[in-house]
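Right, one structure below, let's go through it.
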Amino acid sequence: MLVRHSKPFKVGLILAISFIGVLLVIFSPIFGDGRNGLVYSDDLFNKLSKGSSYFIPAIVKSNEAFMGRPFEFAVKMESPADAEKAVKVLIVGGAQVGVADGTLKVSGDLGKVLSSLLTDSDAMFKNNDKEVSARYGMDAKEAMRLWHVVFNSAIKELQKAKKIEEANMVNMVLRKAVEPAYNFFGIEAQNIGDKALTVFGLLAFYVAYTMWWGYAIFYMFEGVGLSMKKAKVKKEV
């Protein structure tokens, strides 16, 4: 393909070459601890996401209203091994548990049991898995998984029993305490206010870098005679 307009083509070529050069820098392990730019930004936004997901103190306060409130439900576990481990977790957590053919019949003081779950979630959120492991004698993430499996099933059972407030409380504990604690485990939480300039710089660079490539293509296409122009409106005779 012949170059018809050399000036815009050269501009586009320079933009394309510099774009690729910056891309090579981004993929270079020069952003600390052998990380490239993508890993660095991913780590940063994970830390900021965790820092904005700490709702446990507020949930602990909300849970005070459920102290002394009884509950009961049944949940079928996927395997005998899971059932056995779940029984241990629930009993240590303050619940009463009966087992029949892999089905757990769980009852007790909802506020007390959720308080145990919130304590575990807080420890995991702060990356203190040893505290949880010592409490149950098993891997901390496995214990949290079992808590989630059991009480995720409890939500529907409580709803069927017309205990809507209890079901909503369990749902809030799972979504805003257990899941963030599990998913963000091992990540150091950071406040976005401490990294505001860095975040602004990354977002501004992302926008500029995207436009950078767009203009490179635009000018090179113009250089070879390909361009977009508004179509002329046809006038009826």
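Legend: calculated FRET efficiency, Ile187 to Glu142, from the Cβ-Cβ distance at R0 = 22 Å, rounded to 0.05, equals 0.70. Backbone phi angles across region 110-127, fed through the Karplus curve with coefficients 6.51, -1.76 and 1.60 (θ = phi - 60°), yield HN-Hα couplings of 4, x, 5, 5, 5, 5, 5, 5, 5, 5, 5, 5, 5, 5, 5, 4, 8, 6 Hz in residue order; Gly and Pro are listed as x. With the cut-off at 31 Å, tell me which of the pairs Lys85/Lys160; Lys105/Lys176; Lys156/Lys195; Lys130/Lys160 have Cα atoms farther apart than that. Too far apart for the 31 Å limit: Lys156/Lys195; Lys130/Lys160. Rounded to the nearest 500, the 222 nm mean residue ellipticity of the chain from helices alone is -20000 deg cm²/dmol, with -39,500 (n - 2.57) taken per DSSP H run of at least 4 residues. Take the Cα of Ala196, step 7 Å toward its Cβ, do the same at Lys162, and the gap between the two points is 5.2 nm. Exposure proxy for Glu166, Glu157, Glu131, Glu64: other Cβ atoms within 10 Å of each Cβ, ordered fewest to most, give Glu64, Glu131, Glu157, Glu166.
For the chain, which longest stretch is free of loop sites, where a loop site is one of the trypsin sites (Lys or Arg not before Pro) that DSSP puts outside H, G, I, E and B and that has at most 13 other Cβ atoms within 10 Å? The reported range is 5-161. Across all Cα pairs in region 55-183, the calculated P(r) in 5 Å bins from zero up to the longest distance comes to 2, 11, 23, 25, 22, 12, 3, 0 percent per bin. Here the 3J(HN,Hα) profile of region 136-146, calculated from phi with Karplus coefficients 6.51, -1.76 and 1.60 at θ = phi - 60°, is 10, x, 8, 4, 4, 5, 5, 4, 5, 4, 5 Hz, Gly and Pro shown as x. About its Cα centre, the dipole of the chain is roughly 1420 debye, where the only charges are +1 on Lys and Arg Cβ and -1 on Asp and Glu Cβ. Label-to-label distance, Lys112 versus Val99, with points set 7 angstrom from Cα along the beta-carbon direction: 2.2 nm.
Here the 3J(HN,Hα) profile of region 162-171, calculated from phi with Karplus coefficients 6.51, -1.76 and 1.60 at θ = phi - 60°, is 6, 9, 5, 4, 5, 4, 5, 5, 4, 4 Hz, Gly and Pro shown as x. Counting only residues at least eight positions apart within a chain, or on another chain, the aspartates and glutamates with an alpha carbon under 19 Å from that of Lys162 are Glu72, Asp109.
Once you list every other residue whose beta carbon is under 15 Å from the beta carbon of Leu15, what net charge do they have if Lys and Arg are +1 and Asp and Glu are -1? Residues near Leu15 contribute +1 overall.
With springs only between Cα atoms under 10 Å apart, run a GNM on the chain and tell me which of Met211, Met138, Met169 wobbles the most. With Cα springs under 10 Å in the chain, the top fluctuation among Met211, Met138, Met169 is at Met211. With an 8 Å cut-off on Cα pairs and a minimum separation of 6 or more residues, tell me the relative contact order of region 78-237 in percent. That works out to 18 percent. According to the Cα-based calculation, Rg over Rh for region 28-124 is 1.21, with Rh computed by the Kirkwood formula.
Counting 0.36 nm for each residue step from Phe19 to Ser62 and taking away their Cα separation leaves a gain of 10.3 nm. Taking the charge dipole of the chain about its Cα centre, with +1 at Lys and Arg Cβ atoms and -1 at Asp and Glu Cβ atoms, the residue from Ser121, Gly108, Gly193 reaching farthest to the positive side is Gly193.
At a 10 Å Cβ-Cβ cut-off, how would you order Met220, Met124, fewest neighbours first? Each step should come with its number before you reach the end.
Numbers: Met220 19, Met124 25.
Arranged by neighbour count, lowest to highest, Met220, Met124 become Met220, Met124.
Remark: region 1-121 carries a charge dipole of roughly 780 debye about the Cα centre, counting +1 on each Lys and Arg Cβ and -1 on each Asp and Glu Cβ.
Readers should treat all values here as calculations from the given coordinates under stated rules, not as data from a laboratory. In this text the structure is predicted, and so the values were computed from the model without any measurement. Glycine also receives a Cβ, built like all others from the backbone with ideal geometry; neighbour counts cover every protein chain displayed.
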